[in-house]
Number of protein chains: 2
Amino acid sequence: MTDTARPTAGAKTDALKLRYGPSAMPAAGPWNATLDVLLGHRSVRGYTSEPVPAGTLETLIAAAQSAATSSNLQTWSVLSVNDAAKRKVLMEVANNQKHITESPIFLCWLADLSRNGRMAEQEGFTLEGLPYIETFLVAAIDAALAAQNAVVAAESLGLHTVYIGALRNDPERVAKLLELPPGVVCVFGLCVGHARAETKSEVKPRLPQSAILFHERYDTSGEAEKRRAYDAEMTAFSKRHEMSQYTWTERVKSRLGPLKGMSGRHKLKAALRSLGFPLS
Amino acid sequence: MTDTARPTAGAKTDALKLRYGPSAMPAAGPWNATLDVLLGHRSVRGYTSEPVPAGTLETLIAAAQSAATSSNLQTWSVLSVNDAAKRKVLMEVANNQKHITESPIFLCWLADLSRNGRMAEQEGFTLEGLPYIETFLVAAIDAALAAQNAVVAAESLGLHTVYIGALRNDPERVAKLLELPPGVVCVFGLCVGHARAETKSEVKPRLPQSAILFHERYDTSGEAEKRRAYDAEMTAFSKRHEMSQYTWTERVKSRLGPLKGMSGRHKLKAALRSLGFPLS
């Protein structure tokens, strides 16, 4: 039922080596089994048909609701989709990512200002703060904090996950499919399930801590050199996994360089407005 | 060094009772020690001067970088602030929340499109995707996923935390203080440290799962009744903690009702634009 009780001797060094590569390991301090879970994360894009134990969804949502929420506003909701036809539409929206139709649990995480809006309507007051981009951002951030707790919970239980940001390729189609009222948008999806053996990829290396962690002020010194070292690390990683070899720089270029890399997401502002977020 | 190894017998029921109240406990399934950590979260607003063990910051950041990041873009950074004068300014921005000057670790989480922007400049290509609200949202969400992993890591080590969304009261002052380049904004702060005994509050109840978790389609049935039951739960909670008694409905009304409840955050759009986020 838990893999957090396994011994951690040596696990810290192993975990840091996989995450940063052997030459960029940070001088991390205290460690425990929960950190093994956190450091061991990798996104999994292929699931078996094995169901999850009864009550798993409720466990994950209890973890999600335990995350902080700005001023306890609770401006997020989550929608579980099992219907095969609906899963198929979601897969189409997300550039045909097949795992959306495979995983025993699929969750749509919703930035949701409508619940508080209905409250105000029922009680006869006005929420002047609702139309602002700040309030949309609170909802999106709180949905992310909640979802990440669900991910940690799932992975601590030996399950695997992958976020589906590509549901933002067409938020209006998703909203129509899930019958979302105005003031609700699906900010991302999440697959949860048992990984197929061949999809259990290695932990993906990240930029060295010195490239993303600053002290007292923002600092770009040595940044280009750090990026080149990481490019080499990522080339080796992609080589080990028999994908087409690419550097991190090339990856960012293909994703953010030409507008077509955004798969329609450059239209997000118009979509949000049509879904009831004025973004004032 | 770890509190995740403690036995969990009975812990599940206790944790769910505190989080939902005795009458709204969900039928949660599998459980483990990491779930005890997740369910046990409460925001702490008062810290002792006790330092954290050496390497704690690096451990938290390793956890943060292990969270998923959209297309591995890594569009977030984090800035540790120890300088007392800078902490004081951050406290002022955040409605004088004194814990910002107390906690041994204070982190500013940054949505950061500038690093990828500098990469493109150095390598002589253009990132057409950078100016879009979608890309800002990716950065903010990825910062949130990362920060939540750091929070879970800290709490698994027996430390406490509180997010400081109020740094968005004046993002331009924060950016100037921390010397952020264009394309970087602090989306929230985070205190990490040892709770003062008197600030260890009880776990705060949340809305029942049936009010925020939907199946196949969005569903508002019975919503007003669920809210009233939760209002009663929150009144009892605030009574136990000798704060002024309020319902959840009253709390939301005071925070989002009049514009002054936003403490300047209704100007976020203009601030983001001035910081180099066109929000196209």
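The values are calculated or read from the model by the stated rules, or taken from the named source; none is laboratory data. These numbers come from a predicted model, not from an experiment. Cβ: placed from backbone, ideal geometry, glycine included. Neighbour counts: every protein chain shown. Remember, those area values only see protein heavy atoms, side chains included, never the ligands or the DNA or RNA. Shrake-Rupley method; radii C 1.70, N 1.55, O 1.52, S 1.80 Å.
Considering only helices (runs of 4 or more DSSP H) fully contained in the range B:8-126, which possess at least 3 residues that are open to solvent by less than 10 Å² (accessible area, probe 1.4 Å)?
B:11-20, B:33-39, B:56-65, B:114-123
Checking each residue in the range A:204-215 for being open to solvent by 40 Å² or more (accessible area, probe 1.4 Å) and touching a helix residue (DSSP H, G or I) at 6+ places or on another chain (Cβ under 9 Å) picks out A:Lys204, A:Ser210. Just checking, how many residues over the range B:188-204 are in contact with a Gly (Cβ under 7 Å, 6 or more places away or on another chain), under 22 Å from A:Ala144 (Cβ atoms) and assigned to a loop (DSSP other than H, G, I, E, B)? Going through the range B:188-204 one residue at a time, the tally reaches 1. Within the range B:75-85, does at least one residue satisfy the condition of being touching a residue at least 60 places away in the same chain (Cβ under 8 Å) and closer than 25 Å to A:Gly264 by Cβ? Yes, there is a match, as at least one residue in the range B:75-85 is touching a residue at least 60 places away in the same chain (Cβ under 8 Å) and closer than 25 Å to A:Gly264 by Cβ. Within the range B:115-150, restricting attention to residues that are touching a strand residue (DSSP E or B) at 6+ places or on another chain (Cβ under 6 Å) and closer than 21 Å to A:Ser280 by Cα, the residue that is farthest from the other protein chains (Cβ to nearest Cβ) is B:Ala139.
Condition check ((1) in contact (Cβ under 8 Å) with a residue 60 or more places away in the chain; (2) of a type outside the set (Gly, Ala, Ser); (3) more than 9 Å from chain B (Cβ to nearest Cβ); (4) touching a Lys or Arg at 6+ places or on another chain (Cβ under 6 Å)) across all residues:
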{"position": "A:Asp219", "(1), (2), (3), (4)": "no, yes, no, no"}
{"position": "A:Gly222", "(1), (2), (3), (4)": "no, no, yes, no"}
{"position": "A:Arg228", "(1), (2), (3), (4)": "no, yes, yes, no"}
{"position": "A:Glu250", "(1), (2), (3), (4)": "no, yes, yes, no"}
{"position": "A:Arg255", "(1), (2), (3), (4)": "no, yes, no, no"}
{"position": "A:Ser263", "(1), (2), (3), (4)": "yes, no, yes, no"}
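When B:Ser201 is tested against the conditions (1) touching a residue at least 40 places away in the same chain (Cβ under 8 Å); (2) surrounded by fewer than 22 Cβ atoms within 10 Å (Cβ to Cβ); (3) among the hydroxyl-bearing types (Ser, Thr, Tyr); (4) within 7 Å of chain A (Cβ to nearest Cβ), the lone failure is (4).
Close contacts from the range B:36-49, counting a first residue that is over 23 Å from B:Asn95 (Cβ atoms) and a second that is at pLDDT below 95 and open to solvent by 10 Å² or more (accessible area, probe 1.4 Å), with Cβ to Cβ under 6 Å and a gap of 6+ residues or different chains, come to B:Asp36/B:Thr8; B:Asp36/B:Ala11.
Among the residues making up the range A:231-280, those that are over 13 Å from A:Val185 (Cβ atoms), open to solvent by 20 Å² or more (accessible area, probe 1.4 Å) and aliphatic (A, V, I, L, M) are A:Ala232, A:Ala236, A:Met243, A:Leu259. The requirement of being at the interface with another protein chain (Cβ under 7 Å from one of its Cβ atoms), at pLDDT 95 or above, within 14 Å of B:Leu275 (Cα to Cα) and open to solvent by 10 Å² or more (accessible area, probe 1.4 Å) is not satisfied by B:Leu157. Does B:Phe188 fit the bill of being in contact with a helix residue (DSSP H, G or I) (Cβ under 6 Å, 6 or more places away or on another chain), open to solvent by less than 40 Å² (accessible area, probe 1.4 Å) and closer than 25 Å to B:Asn95 by Cβ? For B:Phe188, the condition - in contact with a helix residue (DSSP H, G or I) (Cβ under 6 Å, 6 or more places away or on another chain), open to solvent by less than 40 Å² (accessible area, probe 1.4 Å) and closer than 25 Å to B:Asn95 by Cβ - is met. Residues in the range B:216-249 that are over 25 Å from B:Glu198 (Cβ atoms) and outside any loop (DSSP other than H, G, I, E, B): B:Glu223, B:Ala224, B:Glu225, B:Lys226, B:Arg227, B:Arg228, B:Ala229, B:Tyr230, B:Asp231, B:Ala232, B:Thr249.
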